[in-house]
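The values are calculated or read from the model by the stated rules, or taken from the named source; none is laboratory data. Because the structure is a prediction, the values reported are computed rather than measured. Please note: Cβ atoms are built from the backbone with ideal geometry, for glycine as well, and neighbour counts cover all protein chains shown.
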Ligand SMILES: NC(=O)c1ccc[n+]([C@@H]2O[C@H](COP(=O)([O-])OP(=O)(O)OC[C@H]3O[C@@H](n4cnc5c(N)ncnc54)[C@H](OP(=O)(O)O)[C@@H]3O)[C@@H](O)[C@H]2O)c1
């Protein structure tokens, strides 16, 4: 991220955005702008006209009519990949080969082998790779970690984590949702329902619950078992539930669904108490709340509001500057191994052991 001729001591990270996805337009680009460490200098779309329209709407200086064009843009230091899940591996690897740092949307991959190829390509190219689990940057989770370290609940033994919502019919390609508007009125099926693009409830929302369990225990599961509902029309899981056993016989129950009205929570319990976060993954910008139950008494702590997308973008920019990411890209590889094992269990009806 050198800027020849720049007089700034700490130049901003120059982001290129791969695709005109909802998440990029509505969350990530505003997040970069709400932060202090980066600027969005370019956006790319498969359709040149759409790249032009969105760059004009959002005031982004350069529009590329192909993703390749953005990757060869010398003014771009890092790319944000907001593509459908099934395209993450290919475009992360291509970005790394073009010398760009990569913030890839969650989930990095459905299979550990793909995540391994991604992390290896980035390691070889000397660029930073991060899986965009932006929720981790919100200060409410740092507070939970501090409470755990203080031993408030005793030794953590059980996690329950859930992210569910009821997907509206417009998203299923039967109505006039936003995806349809951007597709020029064509009826399109939400990418989360497309098997060929690696949609599914575990990939989209259940992965947060998996990630939270790994984060809260600070460990990787040794065995998983799972059940799923596969939609007969779309061929993807629209409801998913899993049981994860961690070292020390710690257990986690996780679920994710497009069919059930919304929870987005986790709780972690030990013999001495329980910590609950009710808006764990999308808390909004306002104050957040952490509930602590000990000795039958509940107290609630208010945590200052934060824009977790701004924190994510700034965290990534600082990581690029320091040449080191916390957590490292390998966290995304470990996450993909768990997701793959959960799907294998749900497909076979057998528990799956992890190495
Ligand atoms: N961290 C978060 O808070 C969060 C929230 C939502 C989603 N996500 C993640 O972000 C990614 C994108 O999700 P989204 O809901 O924003 O998706 P989306 O609105 O459907 O956008 C996906 C974009 O990918 C491009 N694309 C390339 N090939 C495509 C294809 N064959 N079909 C459809 N689109 C294609 C399109 O952009 P162009 O036409 O411009 O090339 C499209 O706009 C997913 O990995 C998802 O898990 C993260």
Is there a residue in the stretch 124-131 that is touching a helix residue (DSSP H, G or I) at 6+ places or on another chain (Cβ under 9 Å), at pLDDT 95 or above and either assigned by TED's automatic domain parsing to the domain that holds residue 342 or within 13 Å of the ligand (Cβ to nearest atom) (or both)? yes
Identity of the residue in the stretch 38-64, buried (at least 19 other Cβ atoms within 10 Å of the Cβ) and part of a loop (DSSP other than H, G, I, E, B), that ends up farthest from the ligand (Cβ to nearest atom): 60
Restricting attention to the stretch 65-80, which residues are more than 10 Å from the ligand (Cβ to nearest atom), outside any loop (DSSP other than H, G, I, E, B), in contact with a strand residue (DSSP E or B) (Cβ under 8 Å, 6 or more places away or on another chain) and free of Cβ contacts under 8 Å to residues at least 60 places away in the same chain? 69, 70, 71
Conditions first: (1) in contact (Cβ under 8 Å) with a residue 40 or more places away in the chain; (2) in contact with a strand residue (DSSP E or B) (Cβ under 9 Å, 6 or more places away or on another chain); (3) away from the ligand (no atom under 16 Å from the Cβ); (4) assigned by TED's automatic domain parsing to the domain that holds residue 241. Residue 337 passes all but one, so which condition is the exception? (2)
Filtering the stretch 180-236 down to residues that are assigned to a helix (DSSP H, G or I) and modelled with pLDDT under 95, which residue is nearest to the ligand (Cβ to nearest atom)? 182
Does the stretch 281-296 contain any residue that is free of Cβ contacts under 8 Å to residues at least 12 places away in the same chain and not in a helix (DSSP H, G or I)? yes
Within the stretch 311-350, track down each residue that is out of contact with any helix residue (DSSP H, G or I) (no Cβ under 8 Å at 6 or more places or on another chain), more than 30 Å from residue 240 (Cα to Cα) and not in a helix (DSSP H, G or I). 323, 324
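Given the criteria out of contact with any strand residue (DSSP E or B) (no Cβ under 9 Å at 6 or more places or on another chain) and either within 13 Å of the ligand (Cβ to nearest atom) or modelled with pLDDT under 95 (or both), does residue 25 qualify?
On the way: out of contact with any strand residue (DSSP E or B) (no Cβ under 9 Å at 6 or more places or on another chain): no; either within 13 Å of the ligand (Cβ to nearest atom) or modelled with pLDDT under 95 (or both): yes.
In short, no.
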Output for the stretch 94-115, where each listed residue is within 16 Å of the ligand (Cβ to nearest atom) and either outside the structural domain of residue 74 (by TED's automatic domain parsing) or assigned to a helix (DSSP H, G or I) (or both): 94, 95, 114, 115
